[in-house]
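Only one structure is covered here, and it is reproduced in the block below.
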Amino acid sequence: GFFLRLAFVEFAFKLPIMLYAIVYHGIPGVLFTKLVSAIVMTFCSMFVVRHLIGISIGSQLFYPWRPVASSLIMAAFLYLSEPWLELSRGPILAIRLSAVVAASVAIYAIANWLLWLVAGKPQGIESRIATSAAAMLRRLR
């Protein structure tokens, strides 16, 4: 159906561009191509969603603001962690990288939770997780 055609069109456009990026620009070219194609496909999907169920593109862009903000906070931490990782090699690098990954996950989760609280605890996955966690804590007591 429709989604199979959309996937084929995406593949038909992405493959030659990706090959060009690999040959002439290496890894940075591939990363840039992936970024641009993800943005284009996101907007194409948003138009489809608007057509199918009537949710405006503005609403679709604004709805995930908490995860986006949390991701930006986590990305800032990762950016600031880079010099610390560059100083390491071998097993020390593996340990530091593991610590940075664990801290990044914690930073994302805490930022998302705090933004959920600031937003007034709206219904969503966060409220389900909070309800489940509270029930689990009650059982442990």
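The values are calculated or read from the model by the stated rules, or taken from the named source; none is laboratory data. All values reported here derive from a predicted model rather than from experimental measurement. Every residue, glycine as well, gets a Cβ built from its backbone with ideal geometry; the counts of neighbours run over all protein chains shown. Heavy atoms of the whole protein, side chains included, go into the accessibility calculation; ligands, DNA and RNA do not. Shrake-Rupley method; radii C 1.70, N 1.55, O 1.52, S 1.80 Å.
Yes or no: VAL30 open to solvent by less than 50 Å² (accessible area, probe 1.4 Å) and without any contact (Cβ under 8 Å) to a residue 24 or more places away in the chain? Yes; evaluated as a whole, the condition is true for this residue.
For (1) among the β-branched types (Val, Ile, Thr); (2) within 21 Å of the chain's Cα centre (by Cα), each residue gets a yes or a no:
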position	(1), (2)
LEU6	no, no
ILE27	yes, yes
SER37	no, yes
PHE43	no, yes
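Residue pairs whose Cβ atoms lie under 9 Å apart, sitting 6 or more positions apart in sequence or on different chains, and linking a residue in the stretch 1-16 that is within 17 Å of LEU35 (Cβ to Cβ) and basic (Lys, Arg) to a partner that is at pLDDT 80 or above and assigned to a helix (DSSP H, G or I), are LYS14/THR33; LYS14/LYS34; LYS14/SER37; LYS14/MET41. If we scan the stretch 16-28, do we find a residue that is within 30 Å of ALA130 (Cβ to Cβ), modelled with pLDDT of 90 or more and in a helix (DSSP H, G or I)? No.
Checked against (1) under 22 Å from the mean Cα position of the chain (by Cα); (2) open to solvent by less than 50 Å² (accessible area, probe 1.4 Å), SER98 meets all criteria but (2).
Per the conditions (1) surrounded by 12 or more Cβ atoms within 10 Å (Cβ to Cβ); (2) more than 19 Å from GLU10 (Cα to Cα); (3) modelled with pLDDT under 90, the sole criterion not satisfied by ILE57 is (3).
Could you list, in sequence order, the residues of the stretch 69-94 that are surrounded by fewer than 13 Cβ atoms within 10 Å (Cβ to Cβ) and either within 16 Å of ASN112 (Cα to Cα) or of a type in the set (Phe, Trp, Tyr) (or both)?
Taking the stretch 69-94 as the starting set, the residues that turn out to be surrounded by fewer than 13 Cβ atoms within 10 Å (Cβ to Cβ) are 72, 76, 79-80, 82-84, 86-87, 89-92, 94.
Within the stretch 69-94, LEU72, ALA76, TYR79, TRP84 qualify.
Close Cβ contacts (under 7 Å, 6 or more residues apart or on different chains) running from residues in the stretch 61-86 that are modelled with pLDDT under 90 to residues that are among the aliphatic types (A, V, I, L, M) and part of a helix (DSSP H, G or I) comprise LEU85/LEU93; LEU85/LEU97; LEU85/VAL100.
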